[in-house]
Amino acid sequence: MNKFFTLLFATLATCLSVKAQETMEQDLFESMREDDKAAIITVHKDTESGIGRQGIDLLNLRLREIYPNYDFREACTTKGAMGQTPDPDELLNQLHKDGYTHILIQPSNFTNDLDVQYLRHIAESAKGKFKHLRMGEPLLSETADYQKVADIAIHTFSVMPKGVNVLVCSGNGEDAPSYMMLDYTLRDKSNGEWLLAATNGIPTLDYLIKALKIQKVKKVHLVPFCPEVTDGMRNEWVKRLQQAGYKVTVESRCLSEQKGITDLFEQHVRHAEKFRRLNAKEQKIITR
């Protein structure tokens, strides 16, 4: 437990530290001429993890609605995971050949994991092919994002009386700092009535059971962050928690498919549209 909180506080210190100015206001589309062409792209890992197929459909629909005057495309970083959907590199090369000049990319990832870093590398390498190319941030990027996601969870799913609600995430190690930050935020906003645990990462199910014992509750309501965790949660997690003496219920809906999550993704893509990320040289000049 002590090691967990030591890592947690170190993570919070990193996440909440003051950053140098990283962006400047400059509208992506203000420089478009009559012969220019723009495309909005959503990029996913696959349809099984992350926000899932329904969440993907909701995000795609939202971006089509808010950018009706620009073409829409879809890419997948896991080759072959979404049928004939191209990977981002292939798609950007094709858009360049087709004469597109302005590109706005929004990944559907939850955290700034290796998948997002790979996408950033592709986007950075392709910038020279277009007049303007920008990329929105994953769901959990700024401190305010954690606050908003926690609020969505707490206000969407009923708080179990005399029990604890648990947001169950799919972890891979890379997500641990983000999920620990979200766990802290959930606890703080709900006075301990919400916790977080990850199926393949930190915080673990074992840690969750220890935390539940400390709180001396008998009821647990599991809420899946995304569709990927549902089967394992309904089987192994329910069994383990019942064996530990808890009455367990499972939420049928996923947090990732709620309107508030789509709203937050929209905020990220709109920010990318309005603000240009500064390069290292520009940031150095500003901080002098």
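Applying a 10 Å radius around every beta-carbon, put 40-46, 51-57 in order of their mean neighbour count, most first. Could the numbers behind the result be given before it?
Numbers: 40-46: 22.0, 51-57: 19.3.
Result, highest mean Cβ count within 10 Å first: 40-46, 51-57.
Sum -39500 (n - 2.57) across every DSSP H segment of at least 4 residues in the chain, then divide by the residue count to get the 222 nm mean residue ellipticity, nearest 500. Walk me through the numbers on the way to the answer.
On the way: 10 runs with 122 residues, N = 288.
Counting only the DSSP helices, I get -13000 deg cm²/dmol.
Check which residues have an amide H placed less than 5 Å from Gly171's amide H, if you skip close sequence neighbours.
When sequence neighbours closer than 5 places are left aside, the close amide H contacts are Thr199, Asn200, Gly201.
Taking all protein chains as present, what is the carbon and sulfur share of the accessible area of the chain, in % to the nearest whole number, probe 1.4 Å?
On the chain, the fraction of accessible area on carbon and sulfur atoms equals 50 percent.
Taking amide H atoms as placed 1.01 Å from N in the peptide plane, list the residues 5 or more away in sequence, or in a different chain, whose amide H sits under 5 Å from that of Gln26.
The answer is Phe275, Arg276.
In region 58-145, which trypsin sites (Lys or Arg not before Pro) fall in coil by DSSP and have 12 or fewer other Cβ atoms within 10 Å?
On the way: sites: Arg62, Arg64, Arg73, Lys79, Lys97, Arg120, Lys127, Lys129, Lys131, Arg134; in loops: Lys79, Lys131.
Hits after loop and neighbour filter: Lys79.
Restricting attention to region 193-279, which trypsin sites (Lys or Arg not before Pro) occupy a DSSP loop and are surrounded by at most 12 other Cβ atoms within 10 Å?
Passing sites in region 193-279 are Lys216, Lys218, Arg253.
If amide H atoms are built 1.01 Å from N in the plane of the peptide, which residues on other chains or at least 5 residues away come under 5 Å of the amide H of Val250?
Sorted by chain and number, the residues that satisfy this are Leu222.
Taking the solvent-accessible surface of protein heavy atoms with a 1.4 Å probe, what is the per residue accessible area of the chain in Å²?
Here the per-residue accessible area is 50 Å².
Would you list the P(r) distribution for the chain, with all Cα-Cα distances sorted into 5 Å bins from 0 and each bin expressed as a whole %?
For the chain, the binned pair fractions read 1, 5, 12, 15, 17, 15, 12, 9, 6, 4, 2, 1, 0, 0 percent.
Placing one identical point scatterer on every Cα of region 132-288 and ignoring solvent, what is log10 I(q)/I(0) from the Debye formula at q = 0.12, 0.16, 0.18 Å⁻¹?
-0.55, -0.87, -1.05
Which angle from 0 to 90°, rounded to the nearest 10, does the C-alpha axis of helix 2-15 make with the longest principal axis of the chain?
30
Within a Cβ distance under 14 Å of His271, other residues only, what is the Lys/Arg minus Asp/Glu net charge?
Around His271, the surrounding residues sum to -3.
Do the alpha carbons of any pairs in Lys216/Lys239; Lys189/Lys219; Lys45/Lys216; Lys148/Lys274 sit beyond 28 Å of each other, and which pairs? Numbers along the way, then the final one.
Values: Lys216/Lys239 19 Å; Lys189/Lys219 19 Å; Lys45/Lys216 39 Å; Lys148/Lys274 21 Å.
Pairs exceeding the cut-off: Lys45/Lys216.
Angle, helix 88-97 long axis vs. longest principal axis of the chain, Cα atoms, 0 to 90°, nearest 10?
20
Helix 52-66 versus the longest principal axis of the chain: what is the Cα-based angle in degrees, 0 to 90, to the nearest 10?
40
From the square roots a ≥ b ≥ c of the eigenvalues of the alpha-carbon gyration tensor of region 171-235, which class results: rounded (a/c under 1.5), prolate (a/b over b/c), or oblate?
oblate
Based on Cβ point charges of +1 for Lys and Arg and -1 for Asp and Glu, what charge dipole magnitude is obtained for region 104-244 about its Cα centre, in debye rounded to the nearest 20?
Details: 17 positive and 16 negative charges, 81 e Å.
My answer is approximately 400 debye.
What is the Cα convex hull volume of region 67-113 when expressed per residue in Å³?
Hull volume normalised by residue count: 108 Å³.
Find the centroid of the Cα atoms in region 141-167 and in region 207-239, then give the distance between the two in whole Å.
About 15 Å separates the Cα centre of region 141-167 from the one of region 207-239.
The values are calculated or read from the model by the stated rules, or taken from the named source; none is laboratory data. On a predicted model such as this, the values are computed, not experimentally measured, just so you know. Every residue, glycine among them, receives a Cβ derived from its backbone with ideal geometry; neighbour counts consider all protein chains shown. The area values use the complete protein model at the heavy-atom level, side chains included, leaving out ligands, DNA and RNA. Shrake-Rupley method; radii C 1.70, N 1.55, O 1.52, S 1.80 Å.
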